[in-house]
Amino acid sequence: LSNMEQTQKRKQEIETRLAEEKKRSEMIKENLEKADQLTNSMVTILNHFDERLHKLEDTILPVHRKTKDLQRLQDNIEKTLTSLDHVIGYHHVANDVEPVLRQGPSRQVDKYLHSMERLVKAVAFFSENNPDSPELNTVNTLFSNGKDGLEKEFQAQLSRHTKPMPPLKVEELIKMENKEDESFIHLPEKTVSDLSQMSEWLSGPGNSQSFVKAYSDIRSNNLIKTLNGMSDHIKGNSNTGRKISNAISTPKKPGNRRASNFRKPSTLLRKESLQNFGSMGGSDPWSELIIIHWLLKCGKWFNQSLHVSCLYLFQNTNDELQPPYPGLGKSSHAPIAEEELIELEVDPFVAMVSACAKLIVVEQDMMQSVIPEKYRRKVFDNIITEPLETVEQTGTKIVEYSKQCIARHDHPSIVNVFPAIKHLKTTLPAYQDALKGVSEKNRLRIPRLIAELDSVGVKVLEDFSDCVKSDPEKESNMPKDGTVHELTSNTMLFLQQLAENVEIVGGMLASKFESQQSIQIIRSCLAKYIGQVLGALKLNLENKSRVYVDLFLAAVFLLNNYHFIITALNRHNLLALAQIATPEIERFYKEFIEEQRQAYMQCWTKFDSYLNNDNKGVPIQVQPGGKLKDKDKQVVKDKFKSFNNDFEDLVKTHQQWAMPSSDIKKEIRNSVKSRIRSAYSELHEKYRMVQFTKNIDKYLKYTPESVVENIDKLFDQYA
């Protein structure tokens, strides 16, 4: 029953839903019929509208075409009118710009350049459209005149505002590290702007390069004037720049000796410099006097500066000074004529080199503000050519002076060139930075000058070494008292000057072998040269010593010279330099000195036979009562007689010999005393109360005390 009810209920629901669906289908059918009606109505309307559009198009299209044609005609008329105005404008250009051109570009550069631009366009127009028209000739003439006026104005403005930089400002520039300081570009800002505009136009539309030459010439000449002004300023401050004169001589080759190569001592030889010379000889005043002696031989007179220096040395010594030469202070040469003096202006040259290096940087900076980029390299190269030539020519004078040093064998004068060489090498990096991109000729001027100075400097040094080797062994050139030879003092003084300029001299010598120069190589080259010169000096001194007849005087001569050399080596860094090449050099010279000291002491060995108490090896016996045998009496008399004669002769002779070193003099005197004093005292005491002669004072001429006193007279001619 329940299933039936459910079935019946389900059936009713289905029938109800079916009825609803039928109603909905009928409604949809009705709506579709209405839509078809509406569609048909819309199609009818659209067809009607299309017909009306076709009618409108047929009516409007001819009107549109006529309107477009009218618009085109209007545009053509406007373009024609514009072209006519443009052409008429070109015909008016000449009249418009002529007053401006007549006034010139001064104070109206912008307006003038605008007028020139109009002329450029007018020339192009008439050249293209009417080449035979008189208007073309007119604008061409105006253009040419205007360009000439612009070029003249460029040159006039540049000339008017270009003035040599004052020397004091150049000195300020040299001291400054910031090379780009705009305060040294000494043109007004408005002028720089005008010049820049004019150069841009001339290099572009003006198609002119005359301004390039004008700028190069004006700035180059101004740079030369600045350099010369700086040089004159330095000369004025020092009266004559740096006068070169030789206060010492150096060894001369025998085939080319002049009467004198000495020069008057310059005012540069002040007290402190002469103190420096004196220190070459050691701690005792005699060595200083040797230097002064040769200085004084330079002429009949010496200036006040040298005189003060001599007094300073005399007054600052504790010993009682006496000249080691009888003729000290008297000239042995004729005075040199004034016109033969050589002047070398080193300080002005050094200032010129520094100034040029800075000024070309200033010129480069200013040029970049004025000259178009495509011309800058050419302009800069032209600007610096003559100034660099001026520096090079001034430097060439120093090269020629150095060559004359070789011809005259005037070696010390090369020292005066050292500051120039040192400054050139110091400034070279600045030049290399500033001259990048210039011509090879200009870029190599400074390196070439340095190379020439190095080369001639090496030749001077080689000539000096050759002169030391070949200095002649003439008796007239030898000191009569065996003191330090002029060759030795001059050689050591010259080596001292070289040692004070290690980098310069070593760099010269190293330039022959090494492209890369380290300080070790430089010092090594100078050390080898010093060793070479000292070797040549020793050999020459040994040859000179053979001139002496007295071998003991020859020993004194060599001893004095060797001691002078080793003393000089211990000063002014010379020994440390020499030891780089010859580590044992100090020991060698000490051995040389000791060898000559022993050689000298040989002259006193004969006294041993005089002072021994024997007769042909048999001791002499004093008999009771103070009596001697007759044959022993004669032996004793001969001993005392020989001692007296030889001792007197030796003391008298050796008293005239020189021994500048007080230490060695004292050492030798003590050695002689230790050899003679005790033996003589013993012999004197033994025979003082013995009757070996009636005239005992004749044979006992010396007491032990007087023997010591006489030994103390050795090497002291004024004792």
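In percent, rounded to a whole number, the relative contact order of the range 2-146 is 16, using alpha-carbon pairs under 8 Å and six or more apart. For Asp410, no residue whose modelled amide H falls within less than 5 Å of its own remains once neighbours fewer than 5 places apart on the same chain are excluded.
Mean separation of Cα pairs under 8 Å and 6 or more residues apart, divided by the residue count, gives the range 424-550 a relative contact order of 29 percent. Can you grab the distance from the C-alpha centre of the range 1-37 to the C-alpha centre of the range 88-129, Å, no decimals? About 101 Å separates the Cα centre of the range 1-37 from the one of the range 88-129. Local charge for Ile446 was computed over the other residues whose Cβ lies under 10 Å away, with Lys and Arg +1 and Asp and Glu -1, and equals +3.
Measuring between their Cα centroids, the range 54-85 and the range 467-521 lie 107 Å from each other. Along the range 585-601 the Karplus relation, 6.51 cos²θ - 1.76 cosθ + 1.60 evaluated at θ = phi - 60°, assigns HN-Hα couplings of 4, 5, 5, 4, 5, 5, 5, 4, 4, 5, 4, 6, 5, 5, 5, 5, 5 Hz to successive residues, with x for each Gly and Pro. Taking square-rooted eigenvalues a ≥ b ≥ c of the alpha carbon gyration tensor, is the range 605-711 rounded, prolate or oblate, where a/c under 1.5 means rounded and, failing that, a/b exceeding b/c means prolate? Because a/c hits 1.5 or more and a/b exceeds b/c, the range 605-711 counts as prolate. With contacts taken as Cα pairs under 8 Å at a separation of at least 6 residues, the range 605-711 carries a relative contact order of 41 percent.
A simple spin-label model places pseudo-atoms 7 Å from Cα toward Cβ; at Glu135 and Gln393 they are separated by 5.6 nm. Applying both filters, DSSP loop and at most 13 other Cβ atoms within 10 Å, to the trypsin sites (Lys or Arg not before Pro) of the range 468-515 gives Lys474, Lys480, Lys512. Across the range 633-643, computed HN-Hα scalar couplings (Karplus, 6.51 cos²θ - 1.76 cosθ + 1.60, θ = phi - 60°) run 4, 5, 5, 5, 4, 5, 4, 5, 5, 4, 4 Hz from first to last residue, x flagging Gly and Pro. Counting charges near Ser159 (Lys, Arg +1; Asp, Glu -1) among other residues having Cβ under 11 Å from its Cβ returns a value of +2. Among Leu187, Leu223, Leu70, a tally of other beta-carbon atoms within 10 Å of each Cβ gives an order, fewest to most, of Leu70, Leu187, Leu223. The residues packed around Ala499, meaning those with a beta-carbon under 14 Å from its beta-carbon, carry a net charge of +1 if Lys and Arg are +1 and Asp and Glu are -1. Remark: the range 554-563, residue by residue, has Karplus-estimated 3J(HN,Hα) of 4, 5, 4, 4, 5, 4, 4, 5, 5, 5 Hz, where x stands for each Gly or Pro and the curve is 6.51 cos²θ - 1.76 cosθ + 1.60 at θ = phi - 60°. Structure note, pairs Lys590/Lys652; Lys374/Lys441; Lys469/Lys528: Cα-Cα distances above 27 angstrom occur for Lys590/Lys652.
Neighbour counting of Cβ atoms within 10 Å sorts the residues Tyr600, Tyr680, fewest neighbours leading, into Tyr680, Tyr600. For the peptides 143-153, 411-421, 115-125, residues were scored by their other Cβ atoms within 10 Å and the scores averaged per peptide; the highest-first order is 411-421, 115-125, 143-153.
I need the trypsin sites (Lys or Arg not before Pro) found in the range 1-107, filtered to DSSP loop residues with at most 16 other beta carbons within 10 Å of theirs.
Those that pass, being in a loop and sparsely packed, are Arg107.
Going from the fewest other Cβ atoms within 10 Å to the most, the residues Ile360, Ile371, Ile28 appear in the order Ile28, Ile360, Ile371.
Pairs of lysines in the range 72-199 whose Cα atoms sit within less than 18 Å of one another amount to 8, provided the residues are eight or more positions apart or on different chains. Within the straight-line cut-off of under 30 Å between alpha carbons, the lysines reachable from Lys22 are Lys9, Lys11, Lys34, sequence neighbours fewer than 8 places apart in one chain being disregarded.
Taken together, the values in this text are just the output of simple stated rules run on the coordinates, not laboratory data. Just so it is clear, the structure is predicted and the values come from calculations on it, not from any experiment. Note that each Cβ is placed from the backbone with ideal geometry, even for glycine, and that neighbours are counted across all protein chains shown.
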